[in-house]
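**Q** For reference, the structure I am asking about is given below.
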Amino acid sequence: MSVSVRLATLEDAEALLAIYAPYVTDTAVTFDYEVPDLEAFKKRMIQIMAFYPYLVAEEAGSILGYAYASAFHARAAYAWSAEVTIYLAMENKGKGFGTKLYQALERYLTKMGILNCNACIASTACESPYLANHSQLFHEKMGYQLVGKFHQVGYKFDQWFDMIWMEKMLGDHNLAITKPKSIQEVLVNDKNNC
């Protein structure tokens with residue numbers, strides 16, 4: 001079977017929440033303390049999907065992981081930047097699914113006119129059973145650069161964790177730019193050009 005990447009739907013929410021939950025309960029990858037309920041998770045998805053791509057990787061109908069982009073900041077001048085996020089089912093790490101998801105996500109973001117991808121990543125300088133810095137290594141492999149570090153800003157499992165920012169430039173930063181398109185505008189344009 002081959003792995004495919006597609007746009008997420010609200011029908012995927014339960015499977016995506018099942019992937020996210022162990023990151024909340026067992027790791028410091030996310031600084032959430034409690035797993036959101038299904039309705040809260042769907043609301044997050046709806047907010048993101050209103051403008052940005054929200055993708056799932058699946059094989060034989062089984063969802064392996066997901067990735068999405070969201071607003072980097074609410075102020076208008078940040079419109080060309082997006083925050084990127086990825087979660088894979090624990091048993092699916094290191095198999096290339098994350099690479100497929102991010103490649104597809106970056107293709108969509110480029111079509112939208114997004115120039116900067118920013119990733120907010122939990123980090124630790126000390127060995128921890130809750131965080132192994134795999135996300136930082138993955139982002140480095142995908143061409144992201146470390147641009148900032150906030151020391152001991154997240155407290156979870158009775159220990160402090162750092163937070164780093166990594167970025168990747170998707171396009172040229174020239175002065176002749178247009179406002180980014182929504183994912184819906186990109187999909188309509190792609191459909192019309194088939």
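**Q** Which trypsin sites (Lys or Arg not before Pro) does the stretch 86-194 hold that lie in a coil by DSSP with at most 16 other beta carbons within 10 Å? Working shown, then result.
**A** Details: sites: LYS93, LYS95, LYS100, ARG107, LYS111, LYS141, LYS149, LYS156, LYS168, LYS181, LYS191; in loops: LYS93, LYS95, LYS181.
Answer by residue number: LYS93, LYS95, LYS181.
**Q** Here's something else I'd like to know. Averaged across orientations, what area in nm² does the convex hull of the alpha carbons in the stretch 128-194 project? Could the numbers behind the result be given before it?
**A** Details: hull surface 31.7 nm².
Dividing the Cα hull surface by four gives the mean projection, 7.9 nm².
**Q** I would also like to ask the following. So how strong a dipole does the stretch 4-182 carry about its Cα centre when Lys and Arg Cβ are +1 and Asp and Glu Cβ are -1, to the nearest 20 debye? Intermediate values should be presented prior to the final figure.
**A** Details: 16 positive and 19 negative charges, 158 e Å.
Computed charge dipole of the stretch 4-182: roughly 760 debye.
**Q** Next question, about the same structure. For a distance above 19 Å, tell me the whole-number percent of Cα pairs in the stretch 4-182 that qualify.
**A** Numbers: 9335 of 15931 pairs.
Looking at the stretch 4-182, the distances longer than 19 Å represent 59 percent of pairs.
**Q** Within the set LYS95/LYS191; LYS141/LYS168; LYS111/LYS179; LYS149/LYS181; LYS43/LYS111, which residue pairs have Cα atoms separated by over 21 Å?
**A** Values: LYS95/LYS191 31 Å; LYS141/LYS168 11 Å; LYS111/LYS179 12 Å; LYS149/LYS181 31 Å; LYS43/LYS111 25 Å.
Result: LYS95/LYS191; LYS149/LYS181; LYS43/LYS111 exceed 21 Å.
**Q** Sticking with this one: Along the positive direction of the dipole of the stretch 1-81 (beta-carbon charges: Lys, Arg +1; Asp, Glu -1; about the Cα centre), which of ALA76, LEU38, VAL56 reaches farthest?
**A** Final value for the positive-end residue is ALA76.
**Q** In the stretch 1-56, which chymotrypsin sites (Phe, Trp or Tyr not before Pro) are in a loop and have at most 12 other Cβ atoms within 10 Å, using DSSP for the loop call?
**A** On the way: sites: TYR20, TYR23, PHE31, TYR33, PHE41, PHE51, TYR54; in loops: PHE31, TYR33, PHE51.
The qualifying sites are TYR33.
**Q** What does the extension gain come out to for GLU11 and LEU175, with contour length at 0.36 nm per residue minus their alpha carbon separation? Don't skip to the end; give the middle numbers.
**A** Values: separation 164, 0.36 × 164 = 59.04 nm, distance 4.07 nm.
That works out to 55.0 nm of additional length.
**Q** Helix by helix through the chain, keep the DSSP H runs that span 18 Å or more along the axis on Cα and average at least -1.0 on Kyte-Doolittle, and give those back in order.
**A** For the chain, where a helix must reach 18 Å along its axis and average at least -1.0, the hits are 13-26, 97-112.
**Q** Show me the chymotrypsin sites (Phe, Trp or Tyr not before Pro) within the stretch 149-193 that DSSP assigns to loop and that have at most 16 other Cβ atoms within 10 Å of their Cβ.
**A** Filter output for the stretch 149-193: PHE157.
Values in this text are rule-based calculations from the coordinates and carry no lab data. Bear in mind that the values here come from a model prediction, so they are computed numbers and not experimental data. So basically every Cβ, Gly included, is an ideal-geometry build from the backbone, and we count neighbours across all protein chains shown.
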